[in-house]
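Engineer: One structure, pasted below without further comment.
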Amino acid sequence: NKFGNFSTRLMLGNMWQDYETQQYAISGSNLKSMNRTDSSNTDSTTRVRLSNAKNGLPNYSISRQMAYFGEVMIGWKDLIYLTYSHRFETSSIFPKNFRNYNYPAANMSIILSDLVPGLKGRTLNFWKLRGSLANTARTSSPYANQSLFNDNTGSGGGFYYGFSNNNPLLEPERQETFEVGTEARFLNSRFTIDATYYNTKNKKLIVEGFRSSYGTGFVLNTLNVGSTQN
């Protein structure tokens, strides 16, 4: 909507995602033929249905995300624009204390060539300044915050921990970006300049599946560790 010299935009929304993978698995040995890939190609006396497949059910991998977000934009005389957005997310992948997180973003642009009297002419046809601050977050694979029991199909039965030492204190990976830039056109747009400076930093990087000391009782590990900057 427009109100005199001001133009506005308001957006509100939500997102809900449910990802589910189902897997049926059978293992066996003593292949009958090198050219067949079906499970009946194995010796029936060695054939084992894994985990839930024993009960005719698949193994599940499920992750869910929910988000609410909003954005508001205000413009003045088509010369100055200011936009602000915010997003609130919940992810089943993280433990309870870190499951809810949010991040904002804002950007502004000013068309100086039309705002400042006498600046625009035959030499300078257009000049805009822009800047933004943005934050985002990233999740990991399902069940990265808890180590899982596997069904022991060997001698003794029961259950045992798998190879992965998942992290009950896992947090979302964060990205922060700062950017400023300018665009200018000269001599009836025969010569243009478009320059940007940006600084992007990723914190609490989620590293999955790295090897550490076997003294932990696991082979593969998951941690928030380190940062990168671009």
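Engineer: Calculate log10 I(q)/I(0) of the chain for q = 0.15, 0.16 Å⁻¹, where I(q) comes from the Debye formula with a single equal point scatterer on each Cα and nothing for solvent.
Structural biologist: Reported log10 I(q)/I(0), two decimals: -1.12, -1.20.
Engineer: Please tell me the relative contact order of the chain in percent, rounded to the nearest whole number, where contacts are Cα pairs under 8 Å and at least six residues apart.
Structural biologist: 14
Engineer: Output ³J(HN,Hα) for the stretch 154-171: one whole-Hz value per residue in order, computed from phi by the Karplus curve 6.51 cos²θ - 1.76 cosθ + 1.60 with θ = phi - 60°, and x for Gly and Pro.
Structural biologist: Working through the residues one at a time gives x, 4, x, x, x, 9, 8, 6, x, 6, 8, 9, 7, 10, x, 10, 5, 10 Hz.
Engineer: If R0 is 41 Å, what FRET efficiency do you get for residue 62 and residue 193 from their C-beta distance, rounded to 0.05?
Structural biologist: Numbers: r = 51 Å, r/R0 = 1.23.
Between residue 62 and residue 193 the formula returns 0.20.
Engineer: With θ taken as phi - 60° and the coefficients 6.51, -1.76 and 1.60, list the Karplus ³J(HN,Hα) couplings across the stretch 75-82 in order, rounded to whole Hz; mark glycine and proline as x.
Structural biologist: Running phi through 6.51 cos²θ - 1.76 cosθ + 1.60 with θ = phi - 60° gives x, 10, 6, 6, 10, 10, 10, 10 Hz.
Engineer: Looking at the stretch 97-175, which trypsin sites (Lys or Arg not before Pro) are in a loop (DSSP not H, G, I, E or B) and have at most 16 other Cβ atoms within 10 Å? Spell out each step's value before the answer.
Structural biologist: On the way: sites: 99, 120, 122, 128, 130, 138, 174; in loops: 99, 120, 122.
Filter output for the stretch 97-175: 99, 120, 122.
Engineer: If you don't mind, there's one more thing I want to ask. Over all alpha-carbon pairs in the stretch 82-123, figure out the percentage whose distance exceeds 15 Å. Display every interim value, and only then the final one.
Structural biologist: On the way: 556 of 861 pairs.
That fraction is 65 percent.
Engineer: Under a point spin-label approximation (7 Å from Cα along Cα-to-Cβ), what is the residue 84-residue 163 distance to one decimal in nm?
Structural biologist: 4.9
Engineer: For the stretch 1-73, which trypsin sites (Lys or Arg not before Pro) pass both filters: DSSP loop (anything but H, G, I, E, B) and at most 13 other C-beta atoms within 10 Å?
Structural biologist: Passing both the DSSP loop test and the Cβ count: 32, 36.
Engineer: While we're here: When the chain is treated as a GNM, springs tying every alpha-carbon pair under 10 Å, which of 172, 104, 117 comes out with the largest mean-square fluctuation?
Structural biologist: Most flexible of the set in this elastic network: 117.
Engineer: If you roll a 1.4 Å probe over the heavy atoms of the protein chains, what accessible area per residue do you get for the stretch 67-183, in Å²? Don't skip to the end; give the middle numbers.
Structural biologist: Details: 6760 Å² over 117 residues.
I get 58 Å² per residue for the stretch 67-183.
Engineer: Give me the lysines in straight-line cross-link reach of residue 203: C-alpha distance below 28 Å, same-chain residues under 8 apart excluded.
Structural biologist: 96
Engineer: Restricting attention to the alpha-carbon atoms of the stretch 1-89, what are Rg (one decimal) and Dmax (integer), both in Å?
Structural biologist: So, for the stretch 1-89, Rg and Dmax equal 28.0, 82 Å respectively.
Engineer: Still on this structure, I have one more. Based on the alpha-carbon gyration tensor of the stretch 80-203 and its eigenvalue square roots a ≥ b ≥ c, which shape applies: rounded if a/c is under 1.5, prolate if not and a/b is larger than b/c, or oblate?
Structural biologist: Working: a/c = 6.36, a/b = 3.64, b/c = 1.75.
It is prolate, given that a/c is not under 1.5 and a/b is the larger ratio.
Engineer: Convert each backbone phi in the stretch 85-96 into a coupling constant with the Karplus relation 6.51 cos²θ - 1.76 cosθ + 1.60 (shift: θ = phi - 60°), then list the ³J(HN,Hα) values in order as whole Hz, x for Gly and Pro.
Structural biologist: 9, 8, 10, 10, 10, 10, 10, 5, 5, 9, x, 3
Engineer: Would you work out what percent of the accessible area of the stretch 89-153, with all protein chains in place, is carbon or sulfur (probe 1.4 Å)? Provide the component values of the computation, followed by the final result.
Structural biologist: On the way: 2020 of 3700 Å².
It is 55 percent, rounded to a whole number.
Engineer: Let me ask something additional. Considering the Cα positions of the stretch 59-146, please state its Rg to one decimal place and its Dmax as a whole number of Å.
Structural biologist: Here Rg and the maximum Cα pair distance are 21.0, 70 Å.
The values are calculated or read from the model by the stated rules, or taken from the named source; none is laboratory data. Please read these numbers as outputs of a predicted model, since none were measured by experiment. Backbone-built Cβ (ideal geometry, glycine too); neighbour counts: all protein chains shown. These area figures cover heavy atoms from the full protein model, side chains too; ligands, DNA and RNA do not enter into them. Shrake-Rupley method; radii C 1.70, N 1.55, O 1.52, S 1.80 Å.
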